[in-house]
Structures are given as C-alpha cells and as structure tokens.
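The values are calculated or read from the model by the stated rules, or taken from the named source; none is laboratory data. Just so we're clear, the structure is a prediction, and the values are computed from it rather than from any experiment. With ideal geometry, Cβ positions are generated from the backbone for all residues, glycine too; neighbour counts draw on all protein chains shown. We work out accessible area using only protein heavy atoms, side chains counted, and drop any ligands, DNA or RNA first. Shrake-Rupley method; radii C 1.70, N 1.55, O 1.52, S 1.80 Å.
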Amino acid sequence: MGLVPMKTILSQAEEGNYGVGSFSVANMEMVMGAVQAAEELQSPLILQVAEVRLNHSPLHLLGPLMVAAARKSDVPVAVHLDHGMSTPVIEQALEIGFSSVMYDGSHHELETNIENTARIVQRAEKYGATVEAEIGRVGGSEDGSENIEMQLTSVGDAERMEKETGLDALAVAIGNAHGMYKGEPDIRVDRLREIKACTSVPLVLHGGSGISERVFQQCIGAGVRKINVATSTFNQVTEQVNDTFASKGAYQNYFDLHQDEVKGARANVLKHMNIFGSAGKASEVKMK
Ligand SMILES: [Zn+2]
C-alpha cells in the first residue's frame with residue numbers, strides 16, 4: 001500500500017471507530033521496528049518526528065528514510081511532522097515527501113493561530129498533504145524541556161479553528177500532557193464529547209505515554225482517531241537495551257544492539273496498535 005496522506009488513514013478510522021497510533025521515531029532502527037509491527041498486525045501506521053527532535057535526528061537524513069520506509073511498506077503509512085513550529089521546517093518536510101504536517105500555533109493567541117494554520121493549509125494543499133493543528137494547549141513540552149501548563153480546549157475555539165482554516169485534523173487539550181504523567185491523568189472525556197459534537201474533523205490526542213487502556217478506549221469512543229505515542233517508545237527501546245546489558249553483560253558487537261533497538265520499538269508499537277483497535281485494518285484503507 002505504501003505512503004498515503006494521513007487524512008486517508010484517519011477517515012477510515014472514523015468510519016471504523018478506531019484509533020491509529022502516530023509513533024515518534026528517532027533513527028532507522030525505530031522506523032524498522034514500527035513498520036515491522038504494522039506489517040505483522042496489518043495495521044495502518046503513522047510515523048512521526050517532532051521539530052524539537054531534529055537536533056538529534058536531522059530532517060534531511062531521517063525524513064527521506066521515513067518516506068522510503070513508508071513507500072516500501074505493504075500497509076498504508078503516513079509520514080508526519082509533529083509540532084511544526086516554523087514555516088521553513090514545514091516546507092522542508094513537505095518537499096521531502098511527508099504526507100502530513102502539524103502546525104503548532106497553540107502558544108499564539110487564537111487569531112494568530114487561525115491565521116497561521118490557514119496559511120499552512122494552503123501551502124500543504126499543493127502537496128496533497130494533511131494538516132493538523134492544535135487548539136488549547138497540551139501540557140508539558142514535546143522534548144520535556146519545559147513544563148507548559150495545560151489549557152483546556154474550548155468548544156467555541158475548536159469550532160472556529162475548523163471553520164476558518166480548513167484543517168484536516170485537530171489536536172485537543174483535555175488534560176493530556178507530553179512526557180510521562182506523574183499520577184493518573186485526569187482526561188476530560190466530557191469535554192472531548194462536546195468538541196466532537198461541534199466539529200467534523202478527526203481529533204488527535206497528544207501525550208499518549210501513560211494513559212490507561214480504559215481511558216484510551218473512552219477517548220476513541222468519544223471521537224479520537226490519532227493518538228501520539230513518543231516517550232513510551234523511547235523508554236522501551238532504552239529498557240530493552242538495559243535489560244540485555246543487565247542479563248547478558250556488555251554487547252559484543254553493534255548488530256546485537258541494533259537488533260534490540262528494533263525489538264524495543266516494535267514491542268511498544270504492537271502493544272498500542274492492539275489497544276487502539278487498528279490491527280487488521282490495513283486493507284480497509286482506500287485511496288480516494
Ligand atoms: Zn504533542
């Protein structure tokens with residue numbers, strides 16, 4: 001099936017009432033692990049990298065690798081720029097072949113966020129790419145460097161955002177936060193339902209690391225179609241490597257280390273695809 005626009009995957013998820021994981025990757029090993037999991041479960045997949053992570057994983061290197069992996073895959077894969085902040089980086093991702101970009105203007109006033117999002121929607125159109133934007137503010141920060149206070153998405157703002165920008169997917173702030181949660185997060189499924197009732201685009205839940213299976217399912221039932229998973233995959237890759245080191249001692253060669261990274265990423269992606277209900281849905285995704 002290969003590389004597809006993210007909206008193609010999300011509209012099928014809307015029809016089938018399930019969620020699709022958008023998994024952050026930082027290197028080739030993690031890309032391989034995520035794609036293996038998707039192919040094994042015959043699930044649609046979204047591969048993503050956030051702008052703040054590009055210092056570690058430069059876009060001109062990781063981007064083409066993600067796109068190549070998607071093109072070669074036998075399941076539908078969207079390649080997504082997460083939390084795009086600057087127009088040049090968003091443009092670069094589109095040029096590389098990303099089938100989706102997020103413009104994150106959540107730190108701006110509503111008017112500016114709407115204006116900038118509408119501009120990105122126009123630019124993405126000529127690439128046939130999907131645009132996600134954020135309204136309200138998800139807590140924490142994508143790379144854990146700041147402790148941003150969550151601002152619950154207002155229903156009226158979400159309605160305006162959709163109407164005035166023509167965006168394809170909307171990230172909401174409903175008590176979710178980036179990084180690992182300190183306790184059980186208080187996810188406002190009631191607010192999610194209110195937003196869903198007044199909007200028609202697929203909704204996106206950021207901060208998927210540490211939300212319980214039960215709450216994930218409530219969110220999907222209330223209309224979330226894309227769920228971002230980053231921290232838990234990075235943690236699982238690290239744990240896999242640490243476990244091998246603890247049980248078998250120092251690595252004797254690089255390729256065992258490579259294999260453990262693939263394995264850690266694959267395990268976390270498999271787990272979330274099963275929770276989100278996207279397993280077995282690959283063949284239902286149709287190009288429109
Ligand atoms: Zn996010």
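Here are the numbers for the structure shown:
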| item | result |
| --- | --- |
| Too-long pairs where the Cα-Cα distance tops 18 Å, listed order kept, from Lys72/Lys263; Lys7/Lys286; Lys163/Lys226 | Lys72/Lys263; Lys163/Lys226 |
| Order by protection proxy (mean Cβ within 10 Å, highest first), peptides 64-71, 172-179 | 172-179, 64-71 |
| Euclidean distance of C-alpha centroids, segment 119-173 and segment 204-262, integer Å | 25 Å |
| Along each principal axis, Cα extent of the chain, largest first, Å | 57, 42, 36 |
| Surface per residue (accessible, 1.4 Å probe) for the chain, Å² | 42 Å² |
| Paramagnetic label zone (point 7 Å from Cα along Cα-to-C-beta, Glu284; backbone N under 14 Å) in segment 198-225 | 221, 225 |
| Burial order of peptide ranges 77-83, 227-233 (average beta-carbon count within 10 Å, highest first) | 77-83, 227-233 |
| Along principal axes, Cα extents of segment 232-275, largest first, whole Å | 35, 17, 13 |
| Portion, in percent, of the accessible area of the chain that falls on carbon or sulfur, probe 1.4 Å | 50 percent |
| Label-point separation, His107 to Val89 (7 Å along Cα→Cβ), nm | 1.0 nm |
| Loop GluC sites (Glu not before Pro), segment 113-185, which have at most 15 other Cβ atoms in a 10 Å radius of their Cβ (DSSP) | Glu146, Glu149 |
| Span per principal axis, largest first, for the Cα atoms of segment 5-103 (Å) | 35, 26, 19 |
| Cα-derived Rg over Rh, computed across segment 133-271 with Rh taken as Kirkwood radius | 1.09 |
